[in-house]
1. Classify segment 203-244 as rounded, prolate or oblate, taking a ≥ b ≥ c as the square roots of the eigenvalues of its Cα gyration tensor: rounded when a/c is under 1.5, otherwise prolate if a/b is larger than b/c and oblate if not.
2. For segment 232-381, what is the Kirkwood estimate of the hydrodynamic radius, computed as the reciprocal of the mean inverse distance between distinct Cα atoms, to one decimal in Å?
3. Give me the compactness ratio for the chain, meaning the Cα radius of gyration over 2.2 N^0.38 Å.
4. Filter the chain for me: DSSP H helices, axial length by Cα at least 18 angstrom, mean Kyte-Doolittle hydropathy not below 0.0. List them by residue number.
5. For a bin width of 5 Å, list the pair-distance distribution of segment 104-177 built from all Cα-Cα distances, rounded to whole %.
6. Place a point 7 Å from Cα of residue 89 in the direction of its Cβ. Which residues in segment 104-134 have their backbone N less than 18 Å from it?
7. Please compute the Cα-Cα pair-distance distribution of segment 1-141 with 5 Å bins starting at 0, giving whole percents from short to long.
8. Between residue 15 and residue 219, what is the FRET efficiency for a Förster distance of 30 Å, r being their Cβ-Cβ separation, to the nearest 0.05?
Amino acid sequence: MTAAFVLGINTFIAAIFAIAFGVVATMNRSARGARWLAVGYATGILTVLLEFAIPWQANPLPTAATIFLVYLLTLTICLVGVARHYGVEPYANVLAAIWLASILALPVIFSLPYGTALRGLIYQFPYFAMQVLACFVIWRSGRREPLDLLLIALNALVALTYLSKPAIGWLVGTARSSQEYMTSTYAAISQSIGAITLVALALVLLLVMMRDTTAEIMARSETDALSGILNRRGFDTHARHTLASARSTGDPLTLVAADIDHFKNVNDTYGHATGDAVIAHFAALLKETASGGAVVGRLGGEEFAVLLAGTNLADGRRFAESVRERFSAAPPVELGVEHVVTASFGVAQLTLADSLNDLSRRADTALYRAKRAGRNQVSLALNPLPRLPASPSQSLSA
């Protein structure tokens, strides 16, 4: 298999993945990394076309230097794409240092005899540095799922292939000049390695993006657009997981049901836009006051629920009282409301016999009790006492 044939395949592969990442970017506007990767793979096609041009040139030095820089640009764009997808900065200072060192190394690279190990090592080192930097970018994101770890491992492997190329050239021999590169065994091996790594990295990146896009779609389906917290479906899903975890560990669990008092009056007096702002404000208070592991949801209208892992009834009451006091402290004038708005709360702690529905019913009963008692207060659902077994004498008398 000749290097020219493999280069042709690489061109086709790069074009396919450029289109694939472009489609991902088009279908999901928030996939900023996909746009960069589409541009990166499209830029990589230029290096292949330039390789085909070298055999026809009497002085290949300008084109060879352009290939070196364009391929470095390709890796840079792809690195920025990966960083954008993972939501981290792409180490701009390190990128600038790699580019500066690469430009300064150009006269050294092309002054050394063609095919020597030292020339190959200096030539490949910036590419090695880019792949290592990609590993750090992904690691810095803090994501450790299997696909993320696989992507780090692949980038590390690709980095090592760049350093191995001078050794491969030494073992199989290289061309005597740039014009003869395409006919050499080294070129066929080098381009074949490039084709394999190109496909592997692109496929894993696409899988990562598909996974994250699916997770994003799922999150959107479980999120209440107005308040930014979980909707009823999302709350039920996450609450069941939290409840199952609490049962397995034996940790306490408390559910707080909340309802904004006289909310219809807010809508009737100030309009639905202001009512929406009050709902969003109350949801933000719930989320700010709750711990990081809490499940916070809007169940509909002005009704909310917060599931507090690792808390008992007293902890749940303190949480509810804190939100109640903050919400009713003063009229939310900044929201366009000129009178104090309050909320009522019902708190219930999980018992051994409770399902999520049972826990919700007891919290709702406590909430309605708070409403009937005058609103703007917290009511507790006391856990039922365990039934004592009947004594023999009681059984006989019965």
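Every number here is computed from the coordinates shown, using simple stated rules; none is lab data. Just so it is clear, the model here is predicted, and its values are computed rather than measured. Here Cβ is always computed from backbone atoms with ideal geometry, including for glycine, and neighbour counts include all displayed protein chains.
1. Details: a/c = 4.45, a/b = 1.73, b/c = 2.57.
Note, shape of segment 203-244 comes out oblate.
2. Values: mean 1/r = 0.0650 Å⁻¹.
Taking every pair of different Cα atoms in segment 232-381, averaging 1/r and inverting gives 15.4 Å.
3. Values: Rg = 31.8 Å, N = 398, 2.2 N^0.38 = 21.4 Å.
Relative to the rule-of-thumb radius for its length, the chain sits at 1.49.
4. On the way: long enough: 3-27 (36 Å, 2.18); 32-53 (34 Å, 0.95); 61-86 (38 Å, 1.54); 92-111 (29 Å, 2.07); 117-140 (33 Å, 1.06); 146-172 (36 Å, 1.50); 185-221 (54 Å, 1.22); 232-249 (25 Å, -1.11); 272-289 (26 Å, 0.50); 313-327 (21 Å, -0.83); 356-372 (24 Å, -1.08).
Qualifying helices: 3-27, 32-53, 61-86, 92-111, 117-140, 146-172, 185-221, 272-289.
5. Going from the shortest bin to the longest, the percentages are 3, 16, 21, 17, 14, 11, 9, 6, 3, 0.
6. 133-134
7. For segment 1-141, the binned pair fractions read 2, 10, 16, 19, 19, 16, 10, 5, 2, 0 percent.
8. Details: r = 33 Å, r/R0 = 1.09.
E(calc), rounded to 0.05, equals 0.35.
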